[in-house]
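Values in this text are rule-based calculations from the coordinates and carry no lab data. Remember, it's a predicted structure, so these values are computed and weren't measured experimentally. Methodologically, a virtual Cβ is constructed for each residue, glycine included, from the backbone with ideal geometry; neighbour enumeration extends over all protein chains shown.
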Amino acid sequence: MAVAGLAMRKSLGHVLATGPTNVAVTNLAARTDRISRSVCARYNQGKVPDDPTRARHAFVIRGYSADLEIEAVLELLGNPDTEWQKGAWQLELSAAYWLLVLLRSSGTRFGALHPDDSKALHDLQREFDSRPDLADFRHLATGNMTMGQFKSTRERDGTMGEIRALLGEVVGITDILATTPAQSIRGAYGTWVRRTSRAVLVDEAASMHRADLAWYVNTSSVLASSSDWKTPN
């Protein structure tokens, strides 16, 4: 299914990837990202770094609830190497992860963007680098400001609103959004699905609720699915 999703992204446009459980969606996102990077690495062998024909990685986000993503950013901005975990949330490919990468977090799990990552990601990072309103976020992420200093300059509710908006900007440029049916209709994810997505990839479709599948059929130009032959709900 990951290969199908990448083919759909190339031929049709932006893709929503979903499934009946958090585990299914997380696995689909990880496989899609891994295959995209592997294919690009093989294709780009022998090409110089500035070759305009180099293939770029699909930008994959594993989207969790906005509240969890905001909470993760607040925790990891000042403690980037902490093993924070809550509910189904995982760091890999999360919207919080990508935001912290763009802010150049000093954490050992947040490396620099790869040269072959999405051009939109590189463009957004350059924008974030130059925005005066993000100076405190950048200083905190890179270890040049303490959390105490950061908190002294702002109200918590305002900070959460800023983080929500920043996460929305990151989600807005994704190529493939992997999230559950419930999250796909909410907040920045719902906006992206309605305005940007052109195809839907459903893993373990036989385990999905019929109402979810019907909604995707009505809102997407293309629906691709796999079945594990379980009894539908």
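For the chain, lysine pairs separated by 8 or more sequence positions, or belonging to different chains, with Cα-Cα distances below 25 Å total 4. Rg and Dmax of region 10-113, both derived from C-alpha coordinates alone, stand at 15.5, 44 Å.
Scan the chain and report its longest stretch carrying no GluC sites (Glu not before Pro) that are both in a DSSP loop and have at most 10 other Cβ atoms within 10 Å. Looking at the chain, 1-82 is the longest stretch - no exposed GluC sites (Glu not before Pro) with at most 10 other Cβ atoms within 10 Å.
Going by neighbour counts of Cβ atoms within 10 Å, the residues 84, 192 line up, fewest first, as 84, 192.
Distant-in-sequence amide contacts of residue 17, defined by a placed amide H-H separation under 5 Å and a gap of 5 or more residues or a different chain, comprise 177, 178, 179, 201. Note on the chain: Kirkwood hydrodynamic radius from all Cα pairs is 18.5 Å, rounded to one decimal.
Normalised radius of gyration (Cα atoms, divided by 2.2 N^0.38 Å) for region 64-174: 0.99. Placing pseudo-labels 7 Å out from each Cα toward the beta carbon at residue 108 and residue 47 gives an inter-label distance of 3.3 nm.
Here the simple spin-label model places points 7 Å from the Cα toward Cβ, and for residue 156 and residue 206 these points are separated by 4.8 nm. Our coupling estimate for region 181-192, obtained by passing each phi through the Karplus curve with A = 6.51, B = -1.76, C = 1.60 and θ = phi - 60°, is x, 4, 6, 5, 10, 10, x, 5, 5, x, 4, 5 Hz, Gly and Pro reported as x.
Computed from Cα positions, the angle between helix 119-130 and the longest principal axis of the chain comes to roughly 20 degrees.
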